[in-house]
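Here's the structure, in structure tokens; my notes come after.
Bear in mind that the values in this text are calculations on the coordinates, not laboratory data. Only a predicted model underlies this, so the values are computations on that prediction, with no experimental measurement involved. Cβ sites come from the backbone with ideal geometry, for glycine too, and all protein chains shown count toward neighbours.
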Amino acid sequence: MRTQVAIIGGGPAGLLLSHVLDLAGVESVVLEMQTRQYVLGRVRAGVLEKSSVDFLTEKGLGERMNREGLTHEGSAIAWRDKRLFIDCQKYTGRPFMAYGQTKIQEDLDAVCGDRVIEEALDVTPHDVTSDVPYVTFTKNGEESRLDCDFVAGCDGFHGVSRTVIPQGFLKEYERIYPFGWLGILSETPPVPQLTYANHPRGFALASQRTPMLSRYYIQVAEDTKIDEWSDDRFWTELLARFPATIADGIVTGPSVEKSIAPLRSFVAEPMRHGRLFLAGDAAHIVPPTGAKGLNLAISDVYYLSKALIEYYDEGKTAQLDAYSGVALNRVWGAVRFSWWLTELLHLFPNQGEFKQRIQESELDHLASSERFQAAVAEQYAGLPFD
């Protein structure tokens, strides 16, 4: 088998890269270890920055997104008996959109299906520092070889791509947070605005998916088991963490999905080794507090696709050579903002009343300073890709 770009991983980053390259006449093959049904069934978050919305729309993926997505001018933060709205539209002119990652996966699957080899096992890149890299994999018990010009590692935090880079060359930075998010989906009308809550009992978040599908989260201990939390227990705890003015507007109901997500900050650099390029969760993880994970994957694809298209159209390598530095500049900005917001809104073990009051004081300062609000809005809304 032969292609121009071998893409490892069939999540949003891998499929989006394949689609954008296909539009420019660049060949690719996507190797995905799971079945199509499994990938489409994964429930993920989905808050899109304007740059992400514009890029997806430009690449012909906007029809359903712009019809079903919920556009928001900003988000709210609640603490004690107070509430502050961070107006991204006012301060940046850049609203964001709630559109589930599962739907993005469906949209991409519809345009990439014939380029995806699913249930590709034991995927391994080879000779990535040479001019003739290749990838081996097993399908239906038979080993195959895929020759290519470049390898794009879009296979997530636990994927194989990053492990190919020698440890002496690769540097990894990590912060594991001592709690997780217990989240549920419910077929109930969501609150009008995405709202974060800081509370002495722990963090909470009210989010939206559609006009009749809500997503809620509460902070829980890192060793929490899902079966410890009935729907009734979840709703009782969630409502306790929001001021009454917000809690009274939350419509409760049976959950249709329930999961626990660990929180970590992680960056691997560089994001290139020879002809292997990392993108998305293969290179970086951010806590979901700042809603940056999916947007970083999309921005990685933006930069990498431009670089590959330039190479095939003009024979130039300038953007390929610059990819890691350009992508990491945006990654570290998102990691810093997500870390700051996580530190501000969560209850840390043994933090005591002192840190709680410090958090509340910083939120009071945020509420009193338009300059502070403008800075937060700029980071939350996300900067243009270029």
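Any idea how far the Cα center of region 139-161 sits from the one of region 315-358, in Å?
29
Hand me the trypsin sites (Lys or Arg not before Pro) from region 76-155 located in a DSSP loop with no more than 13 other Cβ atoms within 10 Å, in residue order please.
Arg80
Pick out, from Tyr177, Pro133, Gly159, the residue whose Cα sits farthest towards the positive end of the charge dipole of region 133-187, with +1 on the Cβ of Lys and Arg and -1 on the Cβ of Asp and Glu.
So the residue we want is Tyr177.
Express the relative contact order of region 292-339 as a whole percentage, based on alpha carbon pairs under 8 Å and six or more residues apart in sequence.
40
Shape of region 193-241 from its Cα gyration tensor (a ≥ b ≥ c, root eigenvalues): rounded if a/c is under 1.5, otherwise prolate when a/b > b/c, or oblate?
Working: a/c = 1.97, a/b = 1.33, b/c = 1.48.
In terms of gyration-tensor shape, oblate.
Could you compute Rg(Cα) / (2.2 N^0.38 Å) for region 84-138, with N its residue count? Please report the intermediate quantities before stating the final value.
On the way: Rg = 20.2 Å, N = 55, 2.2 N^0.38 = 10.1 Å.
That works out to 2.00 for region 84-138.
If you place +1 on the Cβ of every Lys and Arg, -1 on the Cβ of every Asp and Glu, and leave all else neutral, what size is the dipole of region 196-331 about its Cα centre, to the nearest 20 Debye?
The calculation lands at about 200 debye.
Specify the inter-centroid distance of region 273-290 and region 45-106, based on alpha-carbon positions, in whole Å.
21
Give the lysines whose C-alpha is closer than 22 Å to that of Lys225, dropping any in the same chain fewer than 8 places away, or say none.
Lys258
Taking N as the number of residues in region 1-93, what is its Cα Rg relative to 2.2 N^0.38 Å? Working shown, then result.
Values: Rg = 18.1 Å, N = 93, 2.2 N^0.38 = 12.3 Å.
My calculation over the Cα atoms of region 1-93 gives 1.47.
Normalised by the number of residues in the chain, what is the relative contact order in percent for Cα pairs under 8 Å and 6+ residues apart? If you can, show how the numbers build up before the last one.
Numbers: 777 pairs, mean separation 78.4, N = 386.
Rounded, it is 20 percent for the chain.
Among the DSSP beta bridges whose two residues both lie in the chain, what percent are antiparallel, rounded to the nearest 5?
75
Got the relative contact order for region 179-333 handy, in percent, Cα pairs under 8 Å and 6 or more residues apart?
The value is 21 percent.
Using the Cα centre of region 93-181 as the reference point, and only Cβ charges (+1 on K/R, -1 on D/E), how large is the resulting charge dipole? Debye, rounded to the nearest 20.
Approximately 580 debye in magnitude.
Need the full-extension length gain, Glu27 to Ala375, defined as separation in residues times 0.36 nm minus the C-alpha distance. One decimal, nm.
Difference between extended and current length: 121.2 nm.
Based on the alpha carbon coordinates of region 252-354, what radius of gyration and maximum Cα-Cα distance (Dmax) apply, in Å?
Rg, Dmax (Cα atoms, Å): 17.8, 60.
Could you pull out every one of the lysines with an alpha carbon less than 18 Å from that of Lys90, ignoring same-chain neighbours closer than 8 positions?
Cα-Cα hits under 18 Å: Lys50.
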